[in-house]
1. Output the residues belonging to the stretch A:191-201 that are among the small types (Gly, Ala, Ser), open to solvent by 10 Å² or more (accessible area, probe 1.4 Å) and within 14 Å of chain B (Cβ to nearest Cβ).
2. Please indicate, with yes or no, whether at least one residue in the stretch A:60-81 is more than 13 Å from every other protein chain (Cβ to nearest Cβ), at pLDDT 85 or above and surrounded by fewer than 23 Cβ atoms within 10 Å (Cβ to Cβ).
3. Considering each residue of the stretch A:133-145, count those that are open to solvent by 10 Å² or more (accessible area, probe 1.4 Å) and either modelled with pLDDT under 80 or in contact with a Cys (Cβ under 7 Å, 6 or more places away or on another chain) (or both), and give that number.
4. If we scan the stretch A:98-106, do we find a residue that is β-branched (Val, Ile, Thr), surrounded by fewer than 22 Cβ atoms within 10 Å (Cβ to Cβ) and in contact with a helix residue (DSSP H, G or I) (Cβ under 6 Å, 6 or more places away or on another chain)?
5. If residue B:38 passes every condition in (1) modelled with pLDDT of 80 or more; (2) more than 23 Å from the chain's Cα centre (by Cα); (3) facing chain A (nearest Cβ under 10 Å) but one, which one does it miss?
6. Name the one entry in A:244, A:229 that is buried (at least 20 other Cβ atoms within 10 Å of the Cβ), modelled with pLDDT under 80 and of a type in the set (Asp, Glu).
7. Just one of (1) away from every other protein chain (no Cβ under 11 Å); (2) under 30 Å from residue A:181 (Cβ atoms); (3) more than 16 Å from the chain's Cα centre (by Cα); (4) in contact (Cβ under 8 Å) with a residue 24 or more places away in the chain trips up residue A:56, so point out which.
8. Taking the conditions exactly as written (over 20 Å from the mean Cα position of the chain (by Cα), farther than 23 Å from residue A:265 by Cβ, more than 9 Å from chain B (Cβ to nearest Cβ) and of a type in the set (Gly, Ala, Ser)), does residue A:178 satisfy them or not?
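The values are calculated or read from the model by the stated rules, or taken from the named source; none is laboratory data. From a predicted model like this one, the values you see are computed outputs, not experimental measurements. Positions of Cβ are generated from backbone atoms using ideal geometry, with glycine treated the same way; all protein chains shown enter the neighbour counts. We work out accessible area using only protein heavy atoms, side chains counted, and drop any ligands, DNA or RNA first. Shrake-Rupley method; radii C 1.70, N 1.55, O 1.52, S 1.80 Å.
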Amino acid sequence: MIILALVFYVALEMFNDSAESRDKFGFGFIFSSEWNPVKEDFGALPFIYGTIVSSIVALLISLPVSIGVAVFLSEIVHKSVRTPISFLIEILAAIPSIIYGFWGIFVFAPFMRTTIQPMLESTLGFLPFFQGNMYGTGLLTASIILAIMITPIISAITRDVLKAIPKSQREAAYALGATKWEAIKMALLNARSGILGGAVLGLGRAIGETMAVTMVIGNKAQIVASLFEPAYSMASVIANEFAEASGSLHISSLIEVGFILFGVTFIINSLARLLIYSVTRNA
Amino acid sequence: MSKDSILKNPKNLKRRKLINSVMISLCVLAGLVTIIPLIYIFFYTTQSGISSLNVDFFTQLPKPVGEEGGGMANAIVGSLILISIGGLIGIPVGVLSGIYISEYSKSFLSSIVKFTTDILSGVPSIIIGIFAYGVIVIPMQRFSALAGGFALGILMIPTVTKITEEMLKLVPMSLREASLALGVSRWKTTLKIVLTTASSGIITGILLAIARAAGETAPLLFTAFGNSFWQTKIDQPMAALPLQIFTYAISPYEDWHRQAWAGAFVLIFLVFVVNLLVRFVTRNKFSGNL
């Protein structure tokens, strides 16, 4: 009961506290790419862009891997291998995001700069996404770290959903002479709405992730096509500027960014939960 | 893919078998690829952490820039205080909601509570930080440990609720019926029979929530705020381990980086031990996920 009240209270509080900035900028807030605390001119577009791009790229990387992991764990390996590996993957989900960020700047970002980014540029450099300066930190680095962070979530849900698909279906497929992969493919197809739910849930997590992204995304409010360039996300601008915000309009604008973030994650999570319930309810 | 085509066309079968082995190996590969970053992070942190971990880390205050040495004693104590405040808020609410969802699951309201709990677990932690800022920091006019603890408490709720619910569901219905048949009232049955039976599971759930809260950084940035001196008053800004790691990690000083690695190692170690413990206690009981 308290929980119910709490969620509403959170929404209400954020709505009230962002009143000043909403009055001043209206809907233009979402479409303006000006963010200038000195001139007190605020627009959230670069942050929205950074959040969406980094999360979606993270999901694109993570989804195939997650499904692969789930299939690997639930359909292929023996139980004696499954238990330790699924334990390790659970730990992956439990590592604090600050540690991912820390590891990201000191180990992964240099690796990106010296190895992965030059490699991508030489092979896929004709695309606008893989051009530009290679700093190591940037959108792509953030996306890969996010992908590592959301893989355990998506694969755990995919496993649950696969478990909910009756065994007899797979047996029927084998009986018709299907290969193992064909049987698995059929199970995956039947579980697709649940897997989609897991993916959306992972997306929600990626959108709200703060510390790891703040540390590796580069923190520069700009909109460019290249994934190598630094960018900024909604959560990280709040993390960086909130404590030392100058003036109530600045704070109010940051809270509005938070409100947008809350709204987006709320919708995404509701959607994900409904999708997952629809598959696992009858299990 | 009719039966005829399989029998008459061996080439097709060969192709299908090939696709089969390619896809299966891709899945195995995915499993390995996921494990690699974990092992890498784990060993890297352990390696850099242990070498900079010493007694000073646990007993000394942070030294000013330029001076070697110092530790994070105040941050460790600060984290403990913040988690205690969080626990006082999060654990009762979480356990009670879990009981409500599991024991009174017939009602429409309880399914709404369940849904809301799931939503709450997906709310970004930084949003909870803003919320605590609005509710506690603004009225109090300063950053405080209380606000940080409050934020951590809210973050603990969904984890505790979820595990309590799962654990209570594992208690056999017959146990409840036996108690009710003996004339024990409903709430007493819940409290004395169901809760006692599930207590070990619930305690591990609480540990899990604590481990998670211990690593939370984002909501503390503008609630507990951090502090480089001893501070045990809960209405004052307070240091916390993850905050200190963040400050040190983005600083340009080599010595601070070393200390941050030590802090990171302490956190990872905590997470690992708690998860192992949870695994051990719930080994045969339930194989769900969080």
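1. Residues satisfying the conditions do not exist here.
2. Yes, the conditions are met somewhere in the stretch A:60-81.
3. Of the residues in that region, 4 qualify.
4. Scanning the stretch A:98-106, I find at least one residue that is β-branched (Val, Ile, Thr), surrounded by fewer than 22 Cβ atoms within 10 Å (Cβ to Cβ) and in contact with a helix residue (DSSP H, G or I) (Cβ under 6 Å, 6 or more places away or on another chain), so the answer is yes.
5. (2)
6. Unique residue meeting the criteria: A:229.
7. With (1) away from every other protein chain (no Cβ under 11 Å); (2) under 30 Å from residue A:181 (Cβ atoms); (3) more than 16 Å from the chain's Cα centre (by Cα); (4) in contact (Cβ under 8 Å) with a residue 24 or more places away in the chain applied to residue A:56, the lone miss is (3).
8. In short, no.
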